[in-house]
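One structure is given here, and the rest of the page talks about it.
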Amino acid sequence: MPLLEIKKWPGHDLRQPSLPIPPSVIGTGEVQDLIEDMKSYVDRNRYQIGGLAANQLGFDYKIAVVNLDLDLQEMINPRYVKLSEQKFWGFEACLSFPRFFSFPVRRSRTITLRAFNRFGKEIELSFNGRRAIRVQHEMDHLNGISIIDIRRRARFLRENQAAII
Ligand SMILES: [Zn+2]
């Protein structure tokens, strides 16, 4: 298996949104190998990481693998169907920002999305709590948003709310 190298800020641009994969390409060896490599990486580090997005490895494909504790879920071309209004704060760290410990991030408590699995079948997935956090973190990566961008946005919201009060 090739050694995966996690691209790290600031040397690597993580602000490029990833590109959707045509469903007919999902079954190709390149995509299947990448998914397998990503899954085994997350599996080997399942006590340390919540998931991995392909652009963290330098592949601009909309592929993420999320650690669901007892299982791993690959998501190809994921898109949100529903994000709950109800939100909560949690602390998140990121492999691409190893010098930072963790950030407080506000996320939807429950989410639903549609994606393709590795067999090219469209699936609908729902998550809540800690798993919803992990999925939203990887979705952000695929959309070119990293943890420091969220922090900046959260700070902006806090400061503006404080100003209103
Ligand atoms: Zn991350």
Based on alpha-carbon positions alone, could you give the equivalent ellipsoid semi-axes of the chain from the gyration tensor, as √(5λ), descending, whole Å?
27, 18, 15
In degrees, nearest 10, range 0 to 90: what is the angle between the Cα axis of helix 29-44 and the longest Cα principal axis of the chain?
50
Please give every one of the lysines within straight-line cross-link reach of residue 121, meaning a C-alpha to C-alpha distance under 25 Å, and leave out same-chain neighbours fewer than 8 residues apart.
39, 62, 82
How much length is gained if the chain between residue 122 and residue 100 is pulled fully straight, taking 0.36 nm per residue apart and subtracting their Cα-Cα distance, in nm to one decimal?
4.3 nm
Can you compute the helix-only [θ] at 222 nm over the chain? Use -39500 (n - 2.57) per DSSP H run of at least 4 residues, normalise by all residues, nearest 500 deg cm²/dmol.
-9500 deg cm²/dmol
In debye, nearest 20: dipole of the chain around its Cα centre with unit charges on the Cβ of K, R (+) and D, E (-)?
780
Taking Cα atoms only, helix 147-164 is inclined relative to the longest principal axis of the chain by an angle, in degrees rounded to 10, of 20
Rounding to the nearest 10 and keeping the result within 0 to 90°, find how far the Cα-based axis of helix 129-142 lies from the longest principal axis of the chain.
70
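Report the equivalent ellipsoid semi-axes for region 22-74 in whole Å, largest first, defined as the square roots of five times the eigenvalues of the gyration tensor built from alpha carbon atoms.
20, 11, 9
Read-outs throughout are calculated quantities, based only on the coordinates presented, and are distinct from any laboratory measurement. None of these values were measured; they are calculated from a predicted model. Neighbour counts run over all protein chains shown; Cβ positions are idealised from the backbone, glycine included.
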